[in-house]
Each structure stands twice: as C-alpha cells, then as structure tokens.
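Report on the structure given below.
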Amino acid sequence: MNDVLDFINVNRDRYVDELKEYLAIPSVSALPQHAGDVRRAAEWTAEALRRAGMHDVRIMDTPGHPVVYGEWLGAPGKPTILYYGHYDVQPVDPVDLWTTPPFEATVRDGEIYARGAADDKGQVFMHIKAIEAFTKKTGGLPVNMKVLIEGEEEVGSDHLGDFIKNHKQELVADVVVISDSPMFDRGIPSICYGLRGLAYFQLDIRGTKSDLHSGSFGGAVANPAFVLTQVLAQMKDRSGRVKIPGFYDAVRSLSDVERAEWKKLPFNETRYRKDLGAPRLFGEKGYSTLERVWARPTFEVNGLLSGFTGEGAKTVLPAVSMAKVSMRLVPDQDPDTIADLFERYVRKLCPATVQLTITRMHGGKPWMTEFDNKYVRAAGRAIEAGFGQRPVFNREGGSIPVVSTFQEELGVPSVLFGIGLPDENAHAPDEKLDLGNFHNGIIASAHLYQEIANLS
Ligand code: BES
Ligand code: MN
Ligand code: MN
C-alpha cells in the first residue's frame, strides 16, 4: 500500500495534466451536434482504462451514446466492485458567464475549472488513477473490479436500464461504487445514502394558429402565456406544498432518528443563503432546509417561454407557450405513478380554450439505503485515510437514475463516495473541482479497494 500511495503522491502533477485533456472533450450528451465528441470521450475513457491496466476494455454501443466497460478479475476469492460513473457532461450555456472557456480546463486557487470537472469526469478519473497506481506498483488490484462508465447520465440514462438487464451476468458484483456527488461541505467528507428521483415534462400550449395583434384580438381568445402561468400557479400553495392530488401519498416520512442526526450536522443556513444570493430561503413549511432538499419532494419550473421577450414593447398575443417542469421525488414515490397524477391534474386545470400537449421526458426512481453495512463502513475508513477525517452521512437532492436499477436488477448495494463540493457549480457556469479533494480522493479510492479486499 505504501508504494501505491507514494506513486500517487509523486504523480500528482501528471494527473492534473491528463485530466485537462479529458476535460477538453466537449462530451455534451444532450446536444446532437456533440455526438462525435461524446464518442471521442468514450474512446478517451477506454484508452485511459487500458493504460491503467484494466483488461478487456470495450466500447459497447447502445441505441444512444456508448457505454465504456472494462474489468480486472485477477483476485479470485476477493469481492468484486462494480464502479459506475459517467463521461458525458451538461451543456455549457450561458457560455458568456464562464470566467475561462468551459473546455479549456484552467487551474485557479487550487481548483480546476471546466465543464465536467466535478460532474463527473474528475471523479471518474480519480478512480482510474487509483486503479493505475495499484496495477503499476503491485501488478494488479487487491479486489476484482468491473468498470462501467456511461455517456447518457445527464440525459436520464434512458438506455442503461436495458443495457444492465441485457448484461446481468457480466455485471455481477458485490458492491457498486459511485463517485458522482458532492461531499457535505469543504473539509467535511461524507457518504451519501439517499438520492431523490425525478419526473420531467415539457408542456406546450397553443392558442391560435399564429401570433395576433393584441389590440385587434386581445380579449377574444385565450392567451397561452397566461393559461400556462395559471396552470403552473396551481402546482404549489403558498406554504410550498405541492397541490397535485395524491402527490404525497407514497412519501415515506422522515424518521425521528434522521431528523435528529441531520440537526447535528454543521449546516450554516445563513452562509448557505448568502452563497446562493437569495434574499430569503423558501420551502415547504414544517421542514428544515436540509430536510426539504434531502427528504421532501418538490415541484419546480425549469424553463418558461412565450411571446415577445426582446428589447422594447411589442403588442402581441403569443400563439404558443412552453414550460419545462420537473418534480424531485423521494422514497417511496414512483415516477410513473407521479407522471400519471401530474398529467391528470394538468389536463383538469387546462381550459378547453387552448390545445395542450404534455411530453414525458426522463425520469428516475429515488434511492435510499441502510447505511450500516460492511461496505459503507469500509468506505468510511477509506475516507478517513484519504481526507484525515471521518465522513458524515448525508442524503442528496440530486438524482442518479441507475442507482435504483443496480439494486433492483442486480441486487447489489451502492456506496456513494463523492468528493465534489456544494459550491462546485455543477450544471452551471464555472464548474470546478478542488484539486486537494481530487488528490485525496485518489488516495481514498485506493484505500477503498484495499478495505473492500480485506473484507473477505
Ligand atoms: N451528479 C449528478 C447527481 C447528483 C447531483 C447527485 C447532486 C447528488 C447531488 C448527476 O450528474 C445529475 O446531474 N443527475 C441529473 C439526473 C437527471 C438528468 C435524470 C439530475 O439530478 O438532475
Ligand atoms: Mn453526475
Ligand atoms: Mn449532472
């Protein structure tokens, strides 16, 4: 182990140079014009895994973006880790708000800035380098390892469920390891034991066949912008409670134990509010901020479009309006059931004066695990070894759709071992990764493999 750790310490700068190369590939899965770049990132990932000593590395096609798979199975009798991550990234808009270009990774004050730095290329690369350190210094890994890096996480992992079902035998493992989440706070590493689910929709409303003069026709037909906002206004009440009938029926209530544990976490609400630049925080009445984000579902408008939004004034009745909306879900809400409830409610609210189209976009199930298992304890020791500090246990508000699939299809528990930070700017301009955490994360990952090996 000491040789492995020395190797990691000596190679620190090389890791950053290589990571910059990875981050230069604009693997934006949502945009068709980047399909070639997404494939290039898959190839880069595959090559990095080969160089790290993984065997049988393959790019496996799906109806969407490819999956990168590799394995090292030279530790008979030892547990098998299935490591999951994603090499695709979010779009970069608004690109003007980036301090330096999103695909020219730049180091400032010990942080590397680029799209994908934290979510998730940097965290994927951390594991690739931990693997490399072992194979270079010891000729292999202490555990068996299967690596699955996908290219469609940021667009809902639509084809990964089938991929997993079709490759069940190959993917058999004892534990799934994922590094695709922030730690609780700077200097406070954490292990995440719950994620929210997601149900995402586009609503399109058409009033008339074309835009109209608002003087000639205003008052004679319904205005789609107005209808849309009236519908949306019925989604939440003033106390932040979602009004979709049946929405809360399956919500598992927060246990007193969790409530008490979360109260002990060093969460500074004033700092949180100020960092966000919000005049006041807002959320469902009766719950703390952490409870609202980690354990309660929510309805949010992600985007709104209608009518004239240019400079000056234009007297027009828009023909159409559009909204992107989504709900974050918690155990035991089911995205399909919620989608049905939402659709029924919207159809009931929307008047017959307009035409409504509801498009179901991606979804994902919420996930939560018992966190007192041997793998989680092993991860706790590894984090302590890498970060010099014991992790706290947290849930997160974000979603990783495949985690519940691993549980349901493979029956394998997941350990979420994320080393990002709450202010990493994921999905936003100036996404960044703290290089100290990246480095400690490589060390912690190496310890994790060893700790899991020691379990047998
Ligand atoms: N890495 C995030 C998930 C995440 C975010 C976990 C914050 C914990 C805290 C992941 O890449 C992501 O952004 N997921 C999407 C899923 C969606 C596109 C189906 C999300 O949460 O919006
Ligand atoms: Mn991610
Ligand atoms: Mn993401």
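Listed here are the residues, each with its yes/no results for (1) within 30 Å of E154 (Cα to Cα); (2) touching a residue at least 40 places away in the same chain (Cβ under 8 Å); (3) not in a helix (DSSP H, G or I).
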| residue | (1), (2), (3) |
| --- | --- |
| S210 | no, yes, yes |
| S239 | no, yes, yes |
| F247 | yes, yes, yes |
| R252 | yes, yes, yes |
| E261 | no, yes, no |
Item checked: strands (runs of 3 or more DSSP E) wholly inside segment 366-451 containing at least 3 residues that are open to solvent by 10 Å² or more (accessible area, probe 1.4 Å) -> 392-395
Item checked: Which numbered condition D119 fails, given (1) within 16 Å of D434 (Cβ to Cβ); (2) of a type in the set (D, E, K, R); (3) away from ligand 3 (no atom under 16 Å from the Cβ) -> (3)
Next item on the list: State which residue pairs qualify: first residue within 22 Å of V107 (Cα to Cα) and open to solvent by less than 90 Å² (accessible area, probe 1.4 Å) and inside segment 1-16, second residue at pLDDT 95 or above and not in a helix (DSSP H, G or I) in any location, beta carbons under 8 Å apart, and separation of 6 or more residues or different chains.
Entry: V16/V107; V16/I112
Note to self: Looking only at segment 142-184, how many residues end up being in contact with a strand residue (DSSP E or B) (Cβ under 9 Å, 6 or more places away or on another chain) and either within 14 Å of ligand 1 (Cβ to nearest atom) or assigned to a strand (DSSP E or B) (or both)?
What the structure shows: 27
Note to self: I need the full set of residues from segment 84-95 which are in contact (Cβ under 8 Å) with a residue 12 or more places away in the chain and either open to solvent by 40 Å² or more (accessible area, probe 1.4 Å) or part of a loop (DSSP other than H, G, I, E, B) (or both), in order please.
What the structure shows: Y87, D88, Q90, P91, V92, P94, V95
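Taking segment 96-119, which residues are part of a loop (DSSP other than H, G, I, E, B), charged (D, E, K, R) and over 29 Å from K146 (Cα atoms)? Give the derivation first.
Step one: filter segment 96-119 for residues part of a loop (DSSP other than H, G, I, E, B), giving 98-105, 109-110, 114-119.
When the remaining residues are screened for being charged (D, E, K, R), the result is 104, 109, 115, 119.
Within segment 96-119, E104, D109 qualify.
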Notebook entry, point to check: Is there any pair linking a residue in segment 217-237 that is part of a loop (DSSP other than H, G, I, E, B) to one that is hydroxyl-bearing (S, T, Y), with Cβ under 6 Å and at least six apart or on different chains, and which?
Noted result: A222/T353
Next item on the list: Find the residue count for segment 85-140, including only residues that are among the acidic types (D, E), more than 16 Å from ligand 1 (Cβ to nearest atom) and under 27 Å from A446 (Cβ atoms).
Entry: 3
Notebook entry, point to check: Quick one: would you say R39 is within 27 Å of P413 (Cα to Cα), in a helix (DSSP H, G or I) and of a type in the set (K, R)?
Noted result: no
Check: If you check D119, D162, D158, D109, which single one turns out to be within 13 Å of ligand 2 (Cβ to nearest atom) and open to solvent by 10 Å² or more (accessible area, probe 1.4 Å)?
Finding: D119
Note to self: Anything in segment 58-80 that is buried (at least 20 other Cβ atoms within 10 Å of the Cβ) and under 17 Å from G139 (Cα atoms)? List them, or say none.
What the structure shows: G70, E71, W72, K78
Notebook entry, point to check: Within the group T138, T208, which residue is over 30 Å from P224 (Cα atoms) and open to solvent by 10 Å² or more (accessible area, probe 1.4 Å)?
Noted result: T138
Next item on the list: Mind listing whichever residues of segment 96-115 are touching a residue at least 12 places away in the same chain (Cβ under 8 Å) and acidic (D, E)?
Entry: E104, E111
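The values are calculated or read from the model by the stated rules, or taken from the named source; none is laboratory data. All values reported here derive from a predicted model rather than from experimental measurement. Every residue, glycine among them, receives a Cβ derived from its backbone with ideal geometry; neighbour counts consider all protein chains shown. In case anyone asks, the SASA skips ligands and DNA or RNA and just uses the protein heavy atoms, side chains included. Shrake-Rupley method; radii C 1.70, N 1.55, O 1.52, S 1.80 Å.
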